[in-house]
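Please treat every number below as a calculation from the coordinates, not as lab data. Fair warning: this is a prediction, and the values are worked out from it, not measured in the lab. When we count neighbours, we look across all protein chains shown, and the Cβ atoms used for this are built from the backbone with ideal geometry, even at glycine.
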Protein chains: 2
Amino acid sequence: MFARRTEFLKASEVRELLKLSDSDEIISFGGGLPAEESFPVGEMREICNQILEESGVKSMQYAISEGHAGLRNIIVKLMEEKGIHTSPDDILITSGSQQGLDLTAKAFLDEGDTILCESPTYLSAINAFKPFYPRFAEIDMDEEGLVPEDLIRKIESNSRIKFLYTVPDYQNPTGRRLSLERRKEIAEIANKYKLIIIEDSPYSELCFDNRKLPPLKSFDTQGRVIYVSTFSKTVCPGYRIGWVCAPQEIINKYVLFKQGTDIHTNFFAQMQIARYYEKYDIKEHLKSNIEIYKSRRDTMLDTIERTFPKEVEYTRPEGGMFLWVTLPESINTKELLVKSLKRGVAFVQGSAFFPNGGHENTMRLNFSGVREDKIRKGISILGEILKEEIDK
Amino acid sequence: MFARRTEFLKASEVRELLKLSDSDEIISFGGGLPAEESFPVGEMREICNQILEESGVKSMQYAISEGHAGLRNIIVKLMEEKGIHTSPDDILITSGSQQGLDLTAKAFLDEGDTILCESPTYLSAINAFKPFYPRFAEIDMDEEGLVPEDLIRKIESNSRIKFLYTVPDYQNPTGRRLSLERRKEIAEIANKYKLIIIEDSPYSELCFDNRKLPPLKSFDTQGRVIYVSTFSKTVCPGYRIGWVCAPQEIINKYVLFKQGTDIHTNFFAQMQIARYYEKYDIKEHLKSNIEIYKSRRDTMLDTIERTFPKEVEYTRPEGGMFLWVTLPESINTKELLVKSLKRGVAFVQGSAFFPNGGHENTMRLNFSGVREDKIRKGISILGEILKEEIDK
């Protein structure tokens, strides 16, 4: 009865396990939530009143698939600040950046095409692409992000490559940032091999060290980089407002698929985000958010340092929301998660982030959405469990 | 570079032509807009203030893919009033009913599957399904909607049938309503042939004659009907809030695809719609909307009656937003549209609504979104053009 693709989507174990972590008694490092303290609730109340007073009818009517013109202008300016010179015709507003990935799949993927991606990569990108029957070729990573030499190797040893999917800034799940040198290298590799790049950049503004790196797209001289981003981590995720920035020829295809997918993105929400950027100081807002995130990251790293056994390796992200833990190979984090949940702590098993499986000894920890007292408590419990497992 | 499916999506001629009709100088019967006068702008302002005061943080945070619990409870009651006995677990909130169709395609369609549909059928359903490479078998319609005998013929003469897609209430594009007798017959046919039905019902509340018919799903004894609907025509379309009601086994598949598609639907907007139903009298609201629509329908029919040549046939819808015009076979409405736009009037050429093409002598006219003085003027101009064409 169902389509063949439903077989890939066996009810996600991660999701089922994490349903348990909804309870208040569980300290969950499994989610990917922005800090609630960061949402501009009061400002949004003023904004809603203004929109409904000045443009009430327009905010409730059908709108064009491309998105709110004012918001696209704002995004052009945001892109400009990152060294990407573009125009509103190159911008499509999407229902979160997740929809940018769904439209990417529709516009590019035929059955059997190869997607190059970091190993590990973003779980929900795998879920967006898989329904279109691609193969995944995973590229090695190190502390500087994906390894250009391995990218070349995988380009040369795979057929029907459609694109490279990459999260250069504070990657989900590892928290790693692609180095400046490598950004330039990868842009050159893309030109040489005529490679399309999907640059997914939801976390770039959550930079803790004041050393923002220019996006891959800013080095793109041939219109090969499709940049996908979101307001979920700068304003709030509940409104589901993201965007795709790409040459107009590509945006035009995305728009056609957008029409069949959901016609257009919630127009009121587009106006909310546009007004927020027009009326308030996003830089000040981000500065105070980053303080929260940075402090939570520090607390998590300190507690790991104090409580995790010395065999455990982990990343030290300079931004974003996650860090990545690699345990001795004898430990399976799926089994560990069951034990950990019994003691009131949740995380995501790392194997979920590898499209071709394996790596059962890894886990992702989220620090952005958990209060510091809970981080201390939860990480200490995890440390105790890890000690018990390793000493076995 | 692009996927094979992009070939089907040659830039829609309809869309390109209708872009011209955005200008204020054009009277457009081409859109599908609810009357702006129908939007509860003042009420929404109160609602926004309440949400941000009472649940500001929650309204801005990530939420579960299934949708807002309170809104799903409201939908269960709406379904109950229609004779559909269901539970919140059988409801998924979608980004407009259009997304219900996209998720249907993902959950059910393999390349080469056959979709049964009315002839003509909803244009954007064709666009939602086509990227998944189905075949379409069109079922004959008459004034009582799709013809059960032809449905049986097509079931028996086609292989790999996946589902019947139908819009029983004031169908887009014809405005026709499936008769009560036929609803029962089709439910029986579905049971006999183990046929899945996608019942798309965006217009059922826009009933002008106080004679609402029970949905196909209310006759469903085997969980074969997937009911898709929306708040776009009862509250407003800009918020993009719709739903799917189906047995939980099916909803579970849809939820998995929803996660990869856009994670969840705008949560603030779900709260807006839920509060509207909790705090205001939707029945009173609909009553006044229906007055507007009914009066516009009457004006359009009266003017057609007075000004169109007698050779022209048209439907007389008892609800909804559209009527359907069939011209003598010698007239091509695509060519007619070019002439008509020059004289300041737009419509949609009917051939766009036939997945297998043909029927160039038909057109769809929207009455819900056009003021009555403009309806009189625009239809009169169209009448003049038709006379000239037929007298040629």
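Output needed: Cys residues of the protein assembly as shown lacking any neighbouring Cys C-beta below 4.7 Å, sorted by number.
A:CYS117, A:CYS207, A:CYS236, A:CYS245, B:CYS117, B:CYS207, B:CYS236, B:CYS245
Any idea what the A:SER288 label distances to the other copies are, label 7 Å down the Cα→Cβ vector, nm, shortest first?
Computed spacing set for this position: 3.9 nm.
With a Förster radius of 25 Å, plug the Cβ-Cβ distance of A:ASP298 and A:GLU335 into 1/(1 + (r/R0)^6) and report the FRET value to the nearest 0.05.
Working: r = 30 Å, r/R0 = 1.20.
Efficiency, rounded to the nearest 0.05: 0.25.
Name the residue farthest towards the positive end of the dipole of chain B from the options B:THR265, B:TYR239, B:LEU323, assuming +1 on Cβ of Lys and Arg, -1 on Cβ of Asp and Glu, about the Cα centre.
B:THR265
Which Cα, out of A:ILE375, A:ILE47, A:ILE385, lies furthest along the positive dipole direction of chain A (beta carbon charges, K/R +1, D/E -1)?
In chain A, that residue is A:ILE47.
Relative to the present Cα-Cα distance, how much length would full extension add between A:GLU384 and A:ARG316 at 0.36 nm per residue of separation? Can you show the working numbers first?
On the way: separation 68, 0.36 × 68 = 24.48 nm, distance 2.08 nm.
Stretched out fully, the A:GLU384 to A:ARG316 stretch lengthens by 22.4 nm.
If each DSSP helix of 4+ residues adds -39,500 (n - 2.57) and the sum is divided by the residues in chain A, what number results at 222 nm, nearest 500 deg cm²/dmol?
-14000 deg cm²/dmol
Between B:SER288 and B:ARG343, take the C-beta separation as r, use R0 = 35 Å, and let me know the FRET efficiency to the nearest 0.05. List each step's numbers first, then the result.
Numbers: r = 34 Å, r/R0 = 0.96.
With a Förster radius of 35 Å, E is 0.55.
If you take every DSSP beta bridge fully contained in segment A:41-279, what fraction is antiparallel? Give it as a percent rounded to 5. Before the final figure, lay out each step's value.
On the way: 11 of 27 bridges.
DSSP beta bridges in segment A:41-279 are roughly 40 percent antiparallel.
Between A:LYS77 and B:ILE64, what is the spin-label point distance in nm, taking each point 7 Å from the Cα along the Cα→C-beta axis?
4.0
Extending each Cα 7 Å along its Cβ direction at A:ARG371 and A:ASN49, get the distance between those two points in nm, one decimal.
3.0
Could you work out the mean count of beta carbons from other protein chains within 10 Å of each residue's beta carbon in A:40-52? All intermediate terms of the calculation are to be shown ahead of the outcome.
Details: counts 2, 8, 3, 1, 7, 6, 1, 2, 9, 4, 0, 4, 9.
Average per residue, whole number: 4.
With the label 7 angstrom out along Cα to Cβ, how close does A:ASP89 come to the same site in each of the other copies, in nm, nearest first?
Label point to label point, same position, other copies: 5.3 nm.
May I ask you to evaluate 6.51 cos²θ - 1.76 cosθ + 1.60, the Karplus curve with θ = phi - 60°, for each residue of segment B:352-366 and list the ³J(HN,Hα) values in order in whole Hz, giving x for glycine and proline?
4, 9, 10, x, 9, x, x, 6, 5, 9, 10, 8, 10, 10, 9
Could you work out the local net charge near B:ILE292, counting Lys and Arg as +1, Asp and Glu as -1, over the other residues with Cβ closer than 15 Å to its Cβ? Write out the running numbers ahead of the final one.
Details: positive: B:LYS233, B:LYS287, B:LYS294, B:ARG296, B:ARG297, B:ARG371, B:LYS374; negative: B:GLU36, B:GLU37, B:GLU205, B:GLU284, B:GLU291, B:ASP298, B:GLU372, B:ASP373.
Net local charge, B:ILE292 excluded: -1.
Evaluate the charge dipole of chain A about its Cα centre and quote only its size in Debye, nearest 20, assuming +1 on the Cβ of each Lys and Arg and -1 on the Cβ of each Asp and Glu.
Numbers: 53 positive and 60 negative charges, 104 e Å.
Here the size comes out at about 500 debye.
By the scheme Lys and Arg +1, Asp and Glu -1, what is the net charge of all other residues having a beta-carbon under 13 Å from that of B:ASP89? Spell out each step's value before the answer.
Values: positive: B:ARG72; negative: B:GLU66, B:ASP90, B:GLU249.
Around B:ASP89, the charge tally is -2.
Using the Cβ atoms and a cut-off under 10 Å, what net charge is assigned to the surroundings of A:LEU164, where Lys and Arg are +1 and Asp and Glu are -1? Working shown, then result.
Details: positive: A:LYS154, A:LYS162, A:ARG224; negative: A:GLU118, A:GLU199.
Net charge in that neighbourhood comes out at +1.
Nothing charged except the Cβ atoms of Lys and Arg (+1) and of Asp and Glu (-1): what's the magnitude of the dipole of the protein assembly as shown about its Cα centre? Round to the nearest 20 debye. Provide the component values of the computation, followed by the final result.
Working: 106 positive and 120 negative charges, 76 e Å.
The calculation lands at about 360 debye.
Just want to confirm a number: the relative contact order over chain B, from Cα pairs under 8 angstrom separated by 6+ residues, in percent. Don't skip to the end; give the middle numbers.
Working: 726 pairs, mean separation 95.5, N = 392.
Here the relative contact order equals 24 percent.
When the expected Rg is taken as 2.2 N^0.38 Å, what fraction or multiple of it is the alpha-carbon Rg of chain A? It would help to have the intermediate numbers written out before the result.
Working: Rg = 20.9 Å, N = 392, 2.2 N^0.38 = 21.3 Å.
Dividing the Cα radius of gyration by 2.2 N^0.38 Å gives 0.98.
Suppose we keep just the alpha-carbon trace of the protein assembly as shown; what are its Rg and Dmax in angstrom?
Both quantities, over Cα of the protein assembly as shown: 26.9, 95 Å.
Given a Förster distance of 30 Å, report the FRET efficiency between B:ASN356 and B:LEU180 from their Cβ-Cβ distance, rounded to the nearest 0.05. Before the final figure, lay out the partial values.
Numbers: r = 29 Å, r/R0 = 0.98.
E(calc), rounded to 0.05, equals 0.55.
Within 10 Å of each candidate Cβ there may be at most 13 other Cβ atoms; applying that plus a DSSP loop requirement, which trypsin sites (Lys or Arg not before Pro) in segment A:69-136 survive? Walk me through the intermediate numbers first.
Details: sites: A:ARG72, A:LYS77, A:LYS82, A:LYS106, A:ARG135; in loops: A:LYS82.
Within segment A:69-136, no trypsin sites (Lys or Arg not before Pro) qualify (loop, at most 13 other Cβ atoms within 10 Å).
Any number yet on Rg/Rh for segment A:44-180, C-alpha, Kirkwood? Could you put the intermediate results ahead of the total?
Working: Rg = 18.8 Å, Rh = 17.6 Å.
Looking at segment A:44-180, the ratio lands at 1.07.
How far, in nm to one decimal, is B:LYS212 from itself in the other copies if the label point is set 7 angstrom along Cα toward Cβ? Shortest first, please.
Copy-to-copy label distances at B:LYS212, shortest first: 5.1 nm.
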